[in-house]
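Reviewing the structure listed below.
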Amino acid sequence: MLIKDEATLKRHKKARKYEEHFDNLVDSSRKETRAKSLVGKITDPEKQEGRRMTTLEFMRRLRKINPDLISVPHPNKPDKCGLYLSIGNHHEYLFPMENDWMPEWSIFDTRTVRQPYDKPEGYWPTVDIPGQEIKRGWRTVLIRLVQQQIVTLEEVEREFGAGNRESWKVLTGKGKGELLI
């Protein structure tokens, strides 16, 4: 008969915690690195620029849909502004956007992470994945406004046209696909 004393039970408990932590780390790393195929797509400014637009032109067209939307320049960052919804005398902050020009699709930078092999005990090579959004696209702003039900998809597509990417269809609910980030 095998008898486990208190010291053995503590060692086993500590080993289980380590294994659970390691499994979580591997799962998290695998999920994070699945977006590596997007590097060169959403991180390439030329591919993301599409139909670029000045913020003034974007706001002029957006206010045709909802005249209660206003942009206010950021006091310390001249290239950023805040989008607000005007409700009577109160302005409700929605989110930041660009204040100079906007690409059609958001541009991201890259960051380097380690990707586990099938056998995670071995060496983990580094891969680049999309990082932070560095330039917010006007389609991103429109999708957020549709999701917050401040404007409708029909109004947006009538004024700006429908997006030609799978992400537009998925995020607007017009089609199926996989979004990695």
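Residues that are outside any helix (DSSP H, G or I) and charged (D, E, K, R) were ranked within region 1-13; the one that is surrounded by the most Cβ atoms within 10 Å (Cβ to Cβ) is K4. Of the residues in region 93-112, at least one is in contact with a Ser or Thr (Cβ under 8 Å, 6 or more places away or on another chain), surrounded by fewer than 16 Cβ atoms within 10 Å (Cβ to Cβ) and not charged (D, E, K, R).
Can you work out which of the residues in region 135-181 that are of a type in the set (S, T, N, Q) and assigned to a helix (DSSP H, G or I) is modelled with the lowest pLDDT? I'd like the intermediate steps shown before the answer.
First, pick out the residues of region 135-181 that are of a type in the set (S, T, N, Q): 140, 147-149, 152, 164, 167, 172.
Adding the requirement that they be assigned to a helix (DSSP H, G or I) leaves 140, 147, 167.
On the way: T140: 95, Q147: 92, S167: 84.
Filtering first and then ranking leaves S167.
For region 91-107, what are the residues that are in a strand (DSSP E or B) and among the charged types (D, E, K, R)? Break it down into steps so the answer makes sense when it comes.
Restricting attention to region 91-107, the residues satisfying the condition of being in a strand (DSSP E or B) are 91-98, 101-102, 107.
Correct list: E92, E98.
Summed over region 14-68, the residues that are in a helix (DSSP H, G or I), in contact (Cβ under 8 Å) with a residue 24 or more places away in the chain and of a type in the set (S, T, Y) give a count of 4. For K47, the conditions (1) surrounded by 13 or more Cβ atoms within 10 Å (Cβ to Cβ); (2) modelled with pLDDT of 90 or more; (3) not polar (S, T, N, Q) are fulfilled apart from (2).
The values are calculated or read from the model by the stated rules, or taken from the named source; none is laboratory data. Here the structure is a predicted model, which is why all the values come from computation and not from measurement. Please note: Cβ atoms are built from the backbone with ideal geometry, for glycine as well, and neighbour counts cover all protein chains shown.
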